[in-house]
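The block underneath contains the structure these notes are about, expressed in C-alpha cells.
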Amino acid sequence: ESSIKETGRYASQDFFSIFSFSLLQGDPTKVLSDPSSIVISKSLADKIFKEENPLGNTLNINNEEDYIITGIMEDIPVNSSFHFDFVLPQASFEKEKQWFAEWGANSLRTFVKLHSDVQKQDVEAKIKDIINKNHPETKTELFLQPVHNIHLYSNYKDGKQAGGRIEYIRLFSVVAIFVLLIACINFMNLATARSAKRAKEVGIRKSIGAGKNNLIAQFMGEATLIVLFALLISISTVKMVLPHFNTSINTSLEIDLTDPSTAAIFFLIALITSLLSGIYPSLYLSSLKPSKILKGVHKPGHGSFFFRQSLVVFQFSTSILLITASLVVYYQIDYIKNKNLGLNRENVMVLPIEGEMANHLDVFKDQALAIPGIKSLTIAFPSPLDVNFETSDIEWPGKSNKDLVSFSILATEYDFTETLGMEMLEGRDFSEDFKSDSGAVLLNETAAKVMGLTDPIGQNISVWEEKATIIGVVKDFHNKSLYEPISPQIIIKHPGYAESVLIKTDADKTKDIIAALEGINQKINPDHPFQYDFLDEHFNKRYQSEAIISSLANIFTIIAILISCLGLFGLSAFTAEQRTKEIGIRKTLGASISNIVGLLSKDYFKLVVLALIIATPIAWYFMQEWLHGFAYKIDLKWWVFLLAGILAIAIAMLTVSFQSIKAALSNPVDALRSE
C-alpha cells in the first residue's frame, strides 16, 4: 500500500560469503540461493516493518516481481565503495536480460577470492584469454585488480594502472609537505637572524663549561617543544573544522587518535618537523666562539646571511608554484564548465522512466507537450553526456577484418537533436513521417570518419547483425568525460531501451512545468515518486571532484602565502631593527621616506624576482603534466605565470613595506639618543 525508492544490487549467491558485509539474520551461503529471495539492510527493514520481524515477508520490486526476505544485513558504512539497501539474486537478473549470456556482455563486475597460497600473476596467466577463446572478435584480455585498490587506483590503460584518486592524495601530500617546509624555513630564518640576541647567552654558557652537545640539545629541545605545542593546537583545530570540511567536499574523513598507526604518523611528523626546523639553528648557535661574543665583536657571517636569503627564495618559489597551479586549475575547471559540448544542456529536464511510465510513454509525451513552456521532448539511454554502452559488433561497407572499433551506442526516439540543440551535418533526424526509420541510425562525424564513408546517407550498415540504414550525420558532441576524446557513436531509434525522458523547457516557466509534470506522473505512474534532474546539474556533478580540487588548491595556496609572508614580516622587522641607527643617520642627512622604504625593500624584491625565475619553468612542467590528463584542455599562456609572479611580488612587497614604512616614519632622535 506504500512505495519507497531505494538503491539495490544484483549479486550471485556467494556474495555474502566472499565479502565482509555482515548479516544480522540469515545464512550467508543460502540467502541468495533462490531466484525469488531478497536481502535488505537494517535501516530499510526498520523503515518498512518497524518492530515486526521482516524475515519471510514479501517485497515487490518495480511493480513486477515479488521477492521473499531471506536476510537482514547491517547498514553499509559510508566509507565503503559499494552502497546499496537491498540485494537481489543474479539469477533474477539473468532471467530479465537475455544478452547476459553473451560473451561480449561486460556490464557486471566479477570478483574472485584466491586461496592464500596462490599468486595473483599465476591466476592472471590462466584467465587472460578466456574471452578471446570463446569470442575472438573482442580481443579482450582479463587481469585481476585487488579490491582494496579499487577506490584509489581506478584508472587503467591497456591493463596497466594509470592513476585514479591516488593522484589527488599524492598531489596534496606534496603540497602539504611544501607548506610544512615553508613553516620550518620561517623558524630557521628567524632563529639564525636573531642569533645576536642569544649570542651572549651562548658565550656565558660555554664559558662556564657547557659543551656543544649541551647547547645543541637545548636548542633542539626548544624547537621540539614548540612543534609539540603546534601539533596539539593543529589536532584540536582539525577536529573542530573537520565536520565542516567534510560537508564542503562531500566526504567522511575522520581522525582516530586511538589508532596506533595514526599516533605514529603524528609522532613522525613532529619528529621530522623538529629536526628540519631546529637542526640548523642549533648547529649554528652552538658553534659561536665565546671569546668573540664576550668581547662584543660577534656578527653573523656571510654564510648565514646567504643561507637565509636562499630559504626566502625557496619559500617564495613554492608560493609562486602554488599560485600558478591554482590559477591553471581554476581556468581549466572554468573551461570545462563553459565548453561547447556540441549539445545544449541548459534548461533540459531529465525524468527517469520507471514502472508504468514505460508502458505509457506516448500518453505521457502527448500530455507533457501540451504544458505551456515545454518546447520538445525525447527519450535516451544512456545519458547523452555519459554514453558507456558500447559494442564492436558493427559492420559497414569496406570494413576490413583487421578493423576492431568500439562504437558508443545511444538509444533514442524522435526530436532528439531538436531537444538537445544538436547540429545536423548531413541528412535528417528520426521522423514520424518515415515509417522506415525503425531500422534507421544516425552517426556522429567521428563514426563516419572511422568507417571511411564519404557519402554515408542511405548506406547500409549492420548493428548486432541487424541491417540499419544511415539517415543522418550529427556534429560531434561530447558523449563522455572531457578526459577522453570523442568516441565514434551510433544513435539508434529504440524506445525499448528507454531510461530517461529529456524535456526542453522555457527557463522562466520551470516551476509551473515541474508541478504539471508531477500531476501527470501521479496519474500515469502513481506507485513511483516523481523525480527529476537537470542535464546541466548532471554535468556539473561529474566534475565535482575537480571543483573540490580547485577549492583545496586555493586554500593551500593562501596558507602557503600567509606562512611565507609571516616569515618575511618577521625577517623584515628584524632587519629594520638591526639597521635602526643607520636609518636614523640617513634621515638626519636628508633621506626621504621613499628612500628608506626603497633601501629596505630592494633586497627582498630581488629575492622574490629570483624565486619567480626559478618557479616558472617548474610550474610550467607540472601543470603541463596535469593538463595531459584531459583530452580537451586550455593552453598554458605566458600571462598566467606573469600574473602569478605579480601577485607574489605584490604580496611580498606589501609585507616588507609595512615594516619599512614603520621604520622610515620613526623619529631619528630615538635611534641616535645613545650615541
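Round to a whole number: what % of the accessible area of the chain belongs to carbon and sulfur, probe 1.4 Å?
Values: 21250 of 37380 Å².
Heavy-atom surface of the chain belonging to carbon and sulfur, 1.4 Å probe: 57 percent.
Name the shape class, rounded, prolate or oblate, that the alpha-carbon gyration tensor gives for the range 45-188, where a ≥ b ≥ c are the square roots of its eigenvalues, rounded holds for a/c under 1.5, and otherwise prolate holds if a/b is larger than b/c and oblate otherwise.
Values: a/c = 2.75, a/b = 1.31, b/c = 2.09.
Since a/c reaches 1.5 but b/c is at least a/b, the shape of the range 45-188 is classed as oblate.
Under Stokes-Einstein, with the Kirkwood radius over Cα pairs standing in for Rh, what whole-number D in µm²/s applies to the chain at 20 °C and 1.002 mPa s? Don't skip to the end; give the middle numbers.
On the way: Rh = 31.4 Å.
D, rounded to a whole number, is 68 µm²/s.
Stretched out fully, how many nm does the piece from Glu484 to Leu232 gain, at 0.36 nm a residue minus the Cα gap? Could you put the intermediate results ahead of the total?
Working: separation 252, 0.36 × 252 = 90.72 nm, distance 4.49 nm.
Separation in residues times 0.36 nm, less the Cα-Cα distance, equals 86.2 nm.
What FRET efficiency would be calculated for the residue pair Ser462, Trp638, taking the C-beta separation as r and a Förster radius of 60 Å, to the nearest 0.05? Write down the numbers at each step before the final one.
On the way: r = 52 Å, r/R0 = 0.86.
Calculated transfer efficiency: 0.70.
Any idea how far apart Ile558 and Ala515 come out in nm if each label point goes 7 Å out from Cα toward Cβ?
Taking the simple label geometry, Ile558 and Ala515 are separated by 4.1 nm.
For Ser261 and Ile613 in the same chain, what is the full-extension length gain: residue separation times 0.36 nm, less their Cα-Cα distance, in nm?
Working: separation 352, 0.36 × 352 = 126.72 nm, distance 4.08 nm.
Roughly 122.6 nm would be gained on extension.
Pairs of alpha-carbon atoms within less than 8 angstrom and 6+ residues apart define the contacts here; what relative contact order does the chain have, in percent? Provide the component values of the computation, followed by the final result.
Numbers: 917 pairs, mean separation 96.1, N = 675.
Relative contact order comes out at 14 percent.
Leu589 versus Leu654, label points 7 Å from Cα toward the beta carbon: distance in nm?
Output for this residue pair reads 3.4 nm.
Specify which residue in the list Ser438, Val463, Val473 is farthest towards the positive end of the charge dipole of the range 406-477, using unit charges on the beta carbon of Lys, Arg (+1) and Asp, Glu (-1), about the Cα centre.
Val463
Could you give the length gained on full extension between Gln145 and Asn213, defined as 0.36 nm per residue of separation minus the Cα-Cα distance, in nm?
My answer for the length gained is 19.2 nm.
Based on the Cβ-Cβ distance from Ser310 to Ile272, what FRET efficiency comes out when R0 is 25 Å, to the nearest 0.05? Walk me through the numbers before you get to the answer.
Numbers: r = 20 Å, r/R0 = 0.82.
FRET efficiency, Ser310 to Ile272: 0.75.
Give me the percent of DSSP beta bridges within the chain that run antiparallel, rounded to the nearest 5.
On the way: 39 of 58 bridges.
About 65 percent, rounded to the nearest 5.
Kindly point out which whole DSSP H helices in the chain project their C-alpha atoms 30 angstrom or further along the helix axis while averaging a Kyte-Doolittle hydropathy of 1.6 or above.
166-193, 638-665
Let me check against my output: what whole-number percent is the relative contact order of the range 384-508, with C-alpha pairs under 8 Å and at least 6 apart? If you can, show how the numbers build up before the last one.
Numbers: 232 pairs, mean separation 44.3, N = 125.
Value for the range 384-508: 35 percent.
When a/c is below 1.5 the answer is rounded, else prolate if a/b is larger than b/c, else oblate, so apply that to the range 315-427 with a ≥ b ≥ c taken from the square roots of the Cα gyration tensor eigenvalues. Mind showing how you got there, number by number?
On the way: a/c = 2.61, a/b = 1.42, b/c = 1.85.
Verdict is oblate for the range 315-427.
I'd like to know how the range 21-95 sits against the 2.2 N^0.38 Å rule of thumb: what's its Cα Rg over that expected value?
On the way: Rg = 12.0 Å, N = 75, 2.2 N^0.38 = 11.3 Å.
Ratio of Cα Rg to 2.2 N^0.38 Å: 1.06.
Counting only helical runs of four or more DSSP H residues, what would the 222 nm mean residue ellipticity of the chain come to if each run contributes -39,500 (n - 2.57) and the total is spread over all its residues? Working shown, then result.
Working: 21 runs with 335 residues, N = 675.
My calculation for the chain gives -16500 deg cm²/dmol from helical runs alone.
May I ask you to derive the FRET efficiency for Trp99 and Ala507 from their Cβ-Cβ distance with R0 = 35 Å, giving the value to the nearest 0.05? Display every interim value, and only then the final one.
Working: r = 40 Å, r/R0 = 1.14.
Efficiency computed from Cβ-Cβ geometry: 0.30.
For the chain, what is the accessible area per residue in Å² when the probe is 1.4 Å?
Values: 37380 Å² over 675 residues.
Accessible area per residue, the chain: 55 Å².
So what does the Cα-only Debye profile of the range 454-576 read at q = 0.09, 0.10 Å⁻¹, as log10 I(q)/I(0), no solvent term?
Computed log10 I(q)/I(0) values: -0.59, -0.68.
Rounded to the nearest angstrom and ordered from largest down, what semi-axes does the equivalent ellipsoid of the range 512-618 get from its C-alpha gyration tensor (root of 5λ)?
Sorted largest first and rounded, they come to 64, 16, 12 Å.
The values are calculated or read from the model by the stated rules, or taken from the named source; none is laboratory data. Keep in mind that what you see is a predicted model, and the values were worked out from it rather than measured. We place every Cβ from the backbone using ideal geometry, glycine too, and count neighbours over all the protein chains shown. We work out accessible area using only protein heavy atoms, side chains counted, and drop any ligands, DNA or RNA first. Shrake-Rupley method; radii C 1.70, N 1.55, O 1.52, S 1.80 Å.
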